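Working notes, beginning with the structure itself.
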Amino acid sequence: MTIRSARCEGIAQLASSPTPALDTDVLLEYSTGCSRSCFLSHGETELTAQQITDFTAAVALRQTGLPVAYITGHKEFYGIDFLVTKDVLIPKPDTELMVEHALNWITGNAVHILTDSIRIADICTGSGCIGLSLLHELRIPVSLTLTDISAAALSIARQNALHVLPQEQQKNISFLQGDLLQAVPENTLFTMLLSNPPYIPAAEVTGLLRDGRSEPRLALDGDAGTADGTAGSSDGLAVIRRLVPQAFAHLAHGGIFMLETGEYNAEEAALLIKKTGFTQVTTYRDLAGQLRLTTGSKQ
């Protein structure tokens with residue numbers, strides 16, 4: 001089987017995917033170790049038996065609905081290669097909006113804050129893509145705390161810290177396992193709090209997961225109750241209702257809180273942020289025009 005024929009066969013088998021050609025190309029790169037430009041210009045090259053086996057298996061997994069990122073173990077976010085497994089949510093392009101606004105905020109406030117005193121927390125960090133991307137772009141010695149309720153997710157975040165950051169920056173990162181900010185010492189204040197928490201209503205999550213995507217429900221279900229089993233809600237805001245007052249308590253005066261939500265409940269989340277005491281509350285739309293990112297300051 002040649003590279004060209006394998007590609008044609010893969011596209012045909014993945015016809016039900018929203019992006020059959022892209023999926024096939026990524027899986028072909030993963031299976032052969034050749035770049036896309038290489039196999040597009042050398043289509044007559046014969047694949048080895050092992051490459052054929054690996055590619056066939058990868059296509060079969062994709063046909064079940066399993067995302068390409070879980071098959072390859074990698075996903076690009078903010079131009080950076082992140083390691084991903086089924087223990088973490090796959091980084092989404094819309095979440096890059098938060099990194100962009102965080103960078104702009106730090107740059108715009110550089111004259112008012114000392115860079116070596118900036119303390120940042122990424123809550124519900126998952127793969128660590130938000131906080132680690134921010135550090136990767138800043139290249140300055142700021143302190144970063146990554147929190148997650150899942151030990152498995154924190155393990156992936158640790159691996160990504162080693163994978164994407166220079167050693168000098170790695171020493172300024174701490175990893176805390178716990179529900180939201182509960183593992184953070186009571187008197188710890190942050191300059192910036194970032195979070196992409198679970199915010200999808202439980203009923204919506206059930207529908208989403210029927211396609212075989214296998215993303216962790218824990219990272220999606222915004223109606224989940226507390227760690228001690230207290231009941232959640234039905235609007236996707238149970239986690240956020242617990243997070244917002246914790247964020248206010250742990251944010252330094254003059255600091256900023258950035259929260260990703262969805263079209264399901266972004267306006268309600270913004271109202272909750274205002275009622276908690278945050279000022280200058282603003283909600284931004286993502287690339288698709290959906291309400292996505294809400295920011296608030298503590299004055």
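Numerical summary
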{"read-out": "Accessible area per residue in Å² at 1.4 Å probe, computed on the chain", "value": "46 Å²"}
{"read-out": "Helix-only mean residue ellipticity at 222 nm for the chain, each DSSP H run of n ≥ 4 adding -39500 (n - 2.57), per residue, nearest 500", "value": "-12000 deg cm²/dmol"}
{"read-out": "Lys pairs under 13 Å by Cα in the chain, provided they are eight or more residues apart or on distinct chains", "value": "4"}
{"read-out": "In degrees, nearest ten, helix 151-164 long axis to first principal axis of the chain (Cα)", "value": "80 degrees"}
{"read-out": "Extension reserve of the residue 60-residue 203 stretch, reckoned as 0.36 nm per residue once the Cα distance is removed", "value": "48.6 nm"}
{"read-out": "Once the Cα gyration tensor of segment 51-112 is diagonalised, semi-axes √(5λ) in Å", "value": "36, 10, 8"}
{"read-out": "Of [x] 6, 26, 32, 21, 11, 4, 0; [y] 6, 29, 37, 23, 5, 0; [z] 6, 26, 28, 19, 11, 5, 3, 2, 1, 0, the label for P(r) over Cα pairs in 10 Å bins from 0, in percent derived from the coordinates", "value": "[x]"}
{"read-out": "Percent of C-alpha pairs per 5 Å bin, segment 203-299, short to long", "value": "2, 13, 22, 20, 20, 13, 7, 2, 1"}
{"read-out": "Shape box of segment 1-137 [Cα atoms, principal axes, largest first, Å]", "value": "62, 30, 24"}
{"read-out": "Percentage of interatomic Cα-Cα distances in segment 88-163 larger than 13 Å", "value": "66 percent"}
{"read-out": "Between 0 and 90°, nearest 10: helix 96-108 axis offset from the chain longest Cα axis", "value": "40 degrees"}
{"read-out": "Candidates 156, 52, 130: whichever shows maximal mean-square fluctuation once the chain is modelled as a Gaussian network with Cα springs under 10 Å", "value": "52"}
{"read-out": "Surface share of carbon and sulfur [accessible, 1.4 angstrom probe, percent] for the chain", "value": "54 percent"}
{"read-out": "Added length on full extension, which subtracts the Cα-Cα distance from 0.36 nm per residue, residue 100 to residue 76", "value": "7.1 nm"}
{"read-out": "Rh by Kirkwood over Cα pairs, then Stokes-Einstein D for segment 7-69 at 1.306 mPa s and 10 °C, µm²/s", "value": "137 µm²/s"}
{"read-out": "Gain upon complete extension [residue 16, residue 170; 0.36 nm per residue less C-alpha separation]", "value": "51.3 nm"}
{"read-out": "Relative contact order %, segment 187-299, counting alpha carbon pairs below 8 Å whose residues are six or more apart", "value": "28 percent"}
{"read-out": "Residue 92 versus residue 2: modelled label distance in nm, points set 7 Å from Cα along the beta carbon direction", "value": "4.1 nm"}
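The values are calculated or read from the model by the stated rules, or taken from the named source; none is laboratory data. Keep in mind that what you see is a predicted model, and the values were worked out from it rather than measured. No Cβ is skipped: glycine too gets one built from the backbone with ideal geometry, and neighbour counts run over all protein chains shown. With ligands, DNA and RNA removed, areas are computed over all heavy atoms of the protein, side chains included. Shrake-Rupley method; radii C 1.70, N 1.55, O 1.52, S 1.80 Å.
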